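A short write-up of the structure that comes next.
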């Protein structure tokens, strides 16, 4: 399974490869068989120290830091991010990394299978939600394969999966107020069982101007629909949404 993960990443010698949470270095060692240098972000001082003692700095650069606070803009452009992400912080960490999407080449993560299925879910499906929208506006994503609990020692109680994320290149969020977009998506999926009329708080003329059926539910809107709504909300100011979208 370790070889399969490395093959999926397909590291090349010239790649800027960054591993989040190397821990005891199982994946780290496999990656360093393919690349001359690796950057690691490890929050645990003892584990970071062990890695620094095992590998010279010209082979492994270790940042003893919390990935949730790490400034990924300090990395060289086109960095490739990999890691077995801690399941308890996977969603906030993905949101944090997404802010740096334009600087990255791709990302390969192992996560809880249910999280990966939410990440890649299509609209109008049960797994589709806030996480799906917030990531799909910035990345093309594909679930690569499932990892059974037996691949770990000790085996966890959940299945894992490996996902590939590639920045889409056309960042729709660059065209809208990101705070407005995030607030809109959060508000929508906090009331996902309600109709759009009740979940979004828009007026009848707003739905008409956007060409949306107010009887639909938040899960029925695509990421592109949410960017259209956020753009209209951010731009209208004192004007009606109808006048902005025409």
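The values are calculated or read from the model by the stated rules, or taken from the named source; none is laboratory data. All values derive from a computational prediction rather than experimental measurement. Please note: Cβ atoms are built from the backbone with ideal geometry, for glycine as well, and neighbour counts cover all protein chains shown.
Listed here are the residues, each with its yes/no results for (1) over 20 Å from residue 143 (Cβ atoms); (2) at pLDDT 95 or above; (3) assigned by TED's automatic domain parsing to the domain that holds residue 104; (4) out of contact with any helix residue (DSSP H, G or I) (no Cβ under 9 Å at 6 or more places or on another chain).
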residue: 14; (1), (2), (3), (4): yes, yes, yes, yes
residue: 18; (1), (2), (3), (4): yes, yes, yes, no
residue: 27; (1), (2), (3), (4): no, yes, yes, no
residue: 35; (1), (2), (3), (4): yes, yes, yes, yes
residue: 38; (1), (2), (3), (4): yes, yes, yes, no
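From the set of residues in segment 68-92 that are in contact with a strand residue (DSSP E or B) (Cβ under 8 Å, 6 or more places away or on another chain) and over 24 Å from residue 12 (Cα atoms), which is modelled with the lowest pLDDT? Filtering first and then ranking leaves 87.
For segment 123-230, please list each of the helices (runs of 4 or more DSSP H) lying entirely inside it that holds at least 2 residues being surrounded by 14 or more Cβ atoms within 10 Å (Cβ to Cβ) and more than 24 Å from the chain's Cα centre (by Cα). Step through it out loud before you land on a result.
On the way: elements: 130-136, 178-189, 196-199, 204-210.
By residue number, 196-199, 204-210.
Residues in segment 160-179 that are in contact (Cβ under 8 Å) with a residue 40 or more places away in the chain and either farther than 19 Å from residue 94 by Cα or out of contact with any helix residue (DSSP H, G or I) (no Cβ under 9 Å at 6 or more places or on another chain) (or both): 166, 175, 176, 177.
Exactly one residue among 47, 51 is more than 17 Å from residue 97 (Cβ to Cβ), touching a helix residue (DSSP H, G or I) at 6+ places or on another chain (Cβ under 8 Å) and in the same structural domain as residue 89 (by TED's automatic domain parsing), and that residue is 51. Taking the criterion of being surrounded by fewer than 19 Cβ atoms within 10 Å (Cβ to Cβ) and without any contact (Cβ under 8 Å) to a residue 12 or more places away in the chain, the only residue of segment 100-122 that qualifies is 122. Scanning segment 227-242 for residues that are within 13 Å of residue 202 (Cα to Cα) and modelled with pLDDT of 90 or more gives 229, 230.
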